[in-house]
1. Considering only region 322-369, how many residues are of a type outside the set (D, E) and over 18 Å from L267 (Cα atoms)?
2. I need every pair where a residue in region 178-206 that is farther than 25 Å from A135 by Cβ and at pLDDT 95 or above has its Cβ under 6 Å from the Cβ of a residue that is of a type in the set (K, R) and surrounded by 14 or more Cβ atoms within 10 Å (Cβ to Cβ), sequence separation at least 6 or different chains.
3. Listed residues L185, L199; which is touching a helix residue (DSSP H, G or I) at 6+ places or on another chain (Cβ under 6 Å) and part of a loop (DSSP other than H, G, I, E, B)?
4. Determine whether region 220-240 contains at least one residue that is out of contact with any strand residue (DSSP E or B) (no Cβ under 7 Å at 6 or more places or on another chain), assigned to a helix (DSSP H, G or I), among the basic types (K, R) and within 14 Å of the ligand (Cβ to nearest atom).
5. Could you tell me how many of the residues in region 241-272 are within 14 Å of the ligand (Cβ to nearest atom), among the charged types (D, E, K, R) and in a helix (DSSP H, G or I)?
6. Where residues in region 207-256 are among the acidic types (D, E) and within 19 Å of the chain's Cα centre (by Cα), which of them is farthest from R298 (Cα to Cα)?
7. Pairs under 7 Å by beta carbon, first residue under 14 Å from K433 (Cα atoms) in region 380-391, partner of a type in the set (F, W, Y), six or more apart or different chains?
8. If you scan region 277-324, which residues turn out to be part of a helix (DSSP H, G or I) and within 12 Å of the ligand (Cβ to nearest atom)?
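The values are calculated or read from the model by the stated rules, or taken from the named source; none is laboratory data. Computed from a prediction, not measured in an experiment: that's the story for all the values here. Don't worry about glycine lacking a Cβ; one is built from the backbone with ideal geometry, like all the others, and counts go over all protein chains shown.
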Amino acid sequence: METAFSLPRSPKLHTNLPGPKAAALILRDRAVTSPSYTRGYPLVAAKGDGCMIEDVDGNVFLDLTAGIAVTSTGHCHPRVVAAIQAQSSQLIHMSGTDFYYEPLVDLAERLAQLAPFPINDQGIRAKVFFSNSGAESLDGALKLARYATGRSRVISFLGAFHGRTYGAMSLTGSKAVQCHGFSPLVPGVTHIPYSHAGLDYLETSLFSTVVPPSEVAAIVVEAIQGEGGYIVPEDGFLARIRQICDQHGILMVVDEVQSGMGRTGKLFAIEHWHVQPDIVTIAKGIASGLPLGAFLARPAIMTWPPGSHATTFGGNPVACAAANVTLDLLQEELMDNALLRGAELQEGLRQLASQFPGLSLPRGKGLMVGIDILDAEGQLSAKRRDAIVDQAFYQGLLLLGCGKAAIRFCPPLVIDADQIQTALKILATVLAKNPA
Ligand SMILES: Cc1ncc(COP(=O)(O)O)c(C=O)c1O
């Protein structure tokens, strides 16, 4: 299938950065947009093709961010573009809350088959609610957990990121700036460390003192912490949460907004641990860049009545059409590619860690990979991390930080072996100029 245009497959920089058009746009942007946005380096994107981004001055960058882990099938995959074009020439909106249309049903059927839950006697694993974003999916999941259990309290984790709406923000435990000044938050949430030690504290201290387990609706957990630093949980951690939930009638809600939709080489990262939760939230990679989120629940849990939860835009026909093709592409080859390329990336990062002091070993699964940046004393260094991410941009490589001092690698899942090597080469150049 033809792309409308194609970009070179490695970085090409023609101007100083930012170039003149980018600099002018950034000035206009700063005058009128919220200062809460967290732009680091001055990238002004104009076009995307696979793993490449062209800026408004014609500079081409290798993108290892995928627009924060979103463009799973690459920027403007021709089959996704064709599906969007075809659907938008037929029906752009009708509201799945009040009416029926086929792309939504198709997608819900597929997700209901693929959900990481047991199959029920009607042959389905899940019921699906469509939203517009990750945060909305978390808010909906929180409402459903409270509704289904009749309980109010929730356990979530330090380091967790679940979004910016009041419900999702209240579950978040990542950075103080994300909640500072916004109190009171949704009551009833208790944060514990994302570790076996945290679960020990829950079971031996909290449950017997201030958080009666019979009042807990849900434990909400990321299968791999994203914004918190690309933290892979300890062995047995997720299975132990399942066990605690079973013991006390608590629902296990797994947030797969960042780790889901094939990024780790499985459709849902939780599948790596063979744990079956009760509710799963997804968004980001599900529709290759169109705004779409969802939460999936075991059918026996999603029994709330008409009107109890709804949304105007969620499950928009164009977004669902994009998601249906995204699922095809993930299943045909991209989940496999995520595993292969992820292994190459981790191997390359291990070599860099042996070559350059001040680099942790890589961690992650598939193409959800993180490393920590350290200073000369071996301490986490956000300052050095920010300098590396910034200078990579000036070499044509787009990266994002996360956690205290981590760099996250979350490229489009179409990345090829040469592009992984190009990224590692640029990173090596930048590291050589930024010793610990
Ligand atoms: C794990 C996780 N949950 C929820 C969210 C919130 O998603 P959104 O920004 O689409 O609201 C994010 C966003 O980074 C996330 O990483």
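1. Residues that pass the stated criteria total 18.
2. L199/R240
3. The conditions single out L185.
4. no
5. Residues in region 241-272 being within 14 Å of the ligand (Cβ to nearest atom), among the charged types (D, E, K, R) and in a helix (DSSP H, G or I): 0 in total.
6. E227
7. Listed pairs, sorted by first residue: D390/Y41.
8. K284, G285, I286, A287 - these are the residues of region 277-324 that are part of a helix (DSSP H, G or I) and within 12 Å of the ligand (Cβ to nearest atom).
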